[in-house]
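None of the figures in this text is laboratory data; all of them are computed from the coordinates on show. Because the structure is a prediction, the values reported are computed rather than measured. When we count neighbours, we look across all protein chains shown, and the Cβ atoms used for this are built from the backbone with ideal geometry, even at glycine.
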Amino acid sequence: MEKSTLKVSLIQTELLWESPKENLDRFSIKLEQLYGLTDLVILPEMFTTGFSMKPEELASDASILDYLKKHAVKGNIAIYGSVMFKENDSFVNRGIFMRPDGSCAIYDKRHTFTLAGEHEVYDSGKNPVIAEYLGWKFNLQICYDLRFPVFARNTQDYDVIIFVANWPVPRVNAWDALLKARAIENMSYSIGVNRVGKDGTGMDYSGHSQVYDVLGNELIIHPWETEEVKTVEIHKSEIETYRSKLKFLEDRDDFILKH
């Protein structure tokens, strides 16, 4: 089935520091409240723990897929967010896009955040991933990926690019500007879901989760800095109309992405 209009729900929330069970219990309540009311729910980066560098103790395993599948199937919703994940004998910051039919797309964060030493703890992903759902194409990205426009460049004719994040207060102006830029340059919707509150390292987060349309217009009144769930509608016709009128993507440069 394809849908020309999608309802997308952004869960902007505090994350309990390094507390997987408690976070999952809280997200279960939030997800259950969205059953049957939306098409896609987006959670923050590392939604089970906050942006922690202790995967040896806290990393998710295949049971996180069961958790997301249960809610996706029961609620007839797709869900995207990232978790620290154990992959064989190493760890990755793994984005999971779970569909309501129980299938999923997996994206491992390409640009690990060197400023916080993420590259020393988590392996880097290699390839961009496009998740297809209800006739839409979603480019899956995670936090620091937002700073790398070549990796996000719309060479796959995707409709939406999604960034899930733990993006702190001192650099939130960059978050706002880059999310908007990714929409404009790629003629796509750009969605960013950030957390709020303070993590265990003392870092503050102010949210500013947002949806930008293909012209860079905000779909949520900004700034939004509270713990809340907001739902917006996105329209395939808007993408088609503006790409037909403004053929900027046809003039994009050719390049080969090296891994």
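Reported to the nearest whole Å, the Cα centre-to-centre distance from region 185-218 to region 80-114 is 19.
Simple point charges give the picture: +1 on the Cβ of Lys and Arg, -1 on the Cβ of Asp and Glu, and for the chain a dipole about the Cα centre of about 360 debye. Rounded, prolate or oblate: which one fits region 194-257, using the alpha carbon gyration tensor with axes a ≥ b ≥ c (rounded when a/c is under 1.5, else prolate when a/b beats b/c, else oblate)? Judged from the Cα gyration tensor, region 194-257 comes out oblate (a/c at least 1.5, b/c at or above a/b).
Of all beta bridges that DSSP places with both ends in the chain, some 65 percent have antiparallel geometry.
Bridges between two residues of region 115-215, per DSSP, are antiparallel at a rate of about 50%. Of the residues T13, V41, L24, the one whose Cα sits farthest toward the positive end of the charge dipole of region 1-134, with +1 on the Cβ of Lys and Arg and -1 on the Cβ of Asp and Glu, is V41. Neighbours of S4, meaning other residues whose beta-carbon lies under 13 angstrom from its beta-carbon, give a summed charge of -3 when Lys and Arg score +1 and Asp and Glu score -1.
Put simply, the amide H of V41, placed in the peptide plane, has neighbours under 5 Å in S9, A78, I79, Y80, leaving out anything fewer than 5 places away on its chain. With helices as the sole contributors, the chain gives -7000 deg cm²/dmol at 222 nm; each DSSP H run of n ≥ 4 counts as -39500 (n - 2.57), and the sum is divided by every residue. The charge dipole of region 137-226, taken about its Cα centre with unit charges on the Cβ of Lys, Arg, Asp and Glu (plus for the first two, minus for the last two), comes to roughly 180 debye. Taking square-rooted eigenvalues a ≥ b ≥ c of the alpha carbon gyration tensor, is region 115-220 rounded, prolate or oblate, where a/c under 1.5 means rounded and, failing that, a/b exceeding b/c means prolate? It is oblate, given that a/c is not under 1.5 and a/b is not larger than b/c.
Judged by the ratio a/c of the largest to the smallest principal axis of the C-alpha gyration tensor, region 35-80 counts as oblate, that ratio being 1.5 or greater while a/b is no larger than b/c. In percent, rounded to a whole number, the relative contact order of the chain is 20, using alpha-carbon pairs under 8 Å and six or more apart.
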